[in-house]
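The values are calculated or read from the model by the stated rules, or taken from the named source; none is laboratory data. These numbers come from a predicted model, not from an experiment. A quick note on method: Cβ atoms are made from the backbone with ideal geometry, for glycine too, and the neighbour counts reach across all protein chains shown.
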Amino acid sequence: MEYLNLWPTTILKGKFDTDGMVDYILTNYDINNLHSETSGYNMFDNDHKVLDQFKAMCYNHFDDYLTKTLDKKISDWGNYTMKAWLTGHGKDYNMTIHNHSGAHLSAVYYVLAEQENAGGAIVFSDPRTNANRGFDDKWGVMFEQFKHVPKTGDFMIFPSFTYHHVNPYLSSLRMCIPVDLFLHRG
């Protein structure tokens, strides 16, 4: 007999060094008037030592993820694009369920998330649409959402097709940087 674990969705949880990021963001951004990726904004288009170091770190995290999950490296695709933006900053911030269509891998880096018991969990859903159809509660463990309440320095990487949302955040300030990786052939 053989048990097969089919259609896995690997999510990487890790820690990163936030040195310099909070100061850089507070000095260079109006956190009450942020640009998003939907407006074409890309934080990585700015030239600054702190951002260059952050981008290199993201590249390494994505490369490690690909190595562990697919035994591949970003360089196997020949070219790539990374886009980043600032989000998750104010009281009552939340995000409805979505995925990062068009990207291959996505990440979220929590630059500042100090407030304890303030909510703001990121919640990942089973990517197999309607997989739970017809199953009673005894099967629930197979379809449970994964919830993570972030702390400063946490990051998560996941396939961009993975649907997720952010529960309301009940404190005044949190800084998150989502990053998308687009892999290009040739």
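Restrict the check to region 130-145 and report whether at least one residue is surrounded by fewer than 17 Cβ atoms within 10 Å (Cβ to Cβ), part of a strand (DSSP E or B), of a type in the set (S, T, N, Q) and touching a strand residue (DSSP E or B) at 6+ places or on another chain (Cβ under 7 Å). No, region 130-145 contains no residue that is surrounded by fewer than 17 Cβ atoms within 10 Å (Cβ to Cβ), part of a strand (DSSP E or B), of a type in the set (S, T, N, Q) and touching a strand residue (DSSP E or B) at 6+ places or on another chain (Cβ under 7 Å). Here SER106 fulfils each of the conditions (1) touching a Gly at 6+ places or on another chain (Cβ under 7 Å); (2) of a type in the set (Gly, Ala, Ser); (3) surrounded by 18 or more Cβ atoms within 10 Å (Cβ to Cβ) apart from (1).
Take the conditions (1) at pLDDT 90 or above; (2) surrounded by 15 or more Cβ atoms within 10 Å (Cβ to Cβ); (3) not in a loop (DSSP other than H, G, I, E, B); (4) not basic (Lys, Arg); ASP64 misses just one of them, which is (2). Name the residues in region 120-148 that are among the hydroxyl-bearing types (Ser, Thr, Tyr) and either at pLDDT 80 or above or under 15 Å from ASN167 (Cβ atoms) (or both), would you? Result: SER125, single match. Across region 146-156, the number of residues qualifying as outside any loop (DSSP other than H, G, I, E, B) and surrounded by 12 or more Cβ atoms within 10 Å (Cβ to Cβ) comes to 5.
The condition (being aliphatic (A, V, I, L, M) and more than 30 Å from ASN5 (Cβ to Cβ)) is satisfied by just one residue among MET175, MET156, MET95, MET142: MET175.
Annotation: of all residues in region 18-37 being part of a loop (DSSP other than H, G, I, E, B) and aliphatic (A, V, I, L, M), the one that is modelled with the lowest pLDDT is LEU34.
For region 157-186, a residue qualifies if it is of a type in the set (Ser, Thr, Tyr) and surrounded by fewer than 18 Cβ atoms within 10 Å (Cβ to Cβ), and the qualifying residues are SER160, TYR163, SER171, SER172. State whether the residues of region 16-26 include one that is surrounded by 12 or more Cβ atoms within 10 Å (Cβ to Cβ) and at positive phi. Yes. Does LEU51 meet the test of being surrounded by 13 or more Cβ atoms within 10 Å (Cβ to Cβ), among the aliphatic types (A, V, I, L, M), part of a helix (DSSP H, G or I) and more than 16 Å from the chain's Cα centre (by Cα)? Against the criterion (surrounded by 13 or more Cβ atoms within 10 Å (Cβ to Cβ), among the aliphatic types (A, V, I, L, M), part of a helix (DSSP H, G or I) and more than 16 Å from the chain's Cα centre (by Cα)), LEU51 qualifies.
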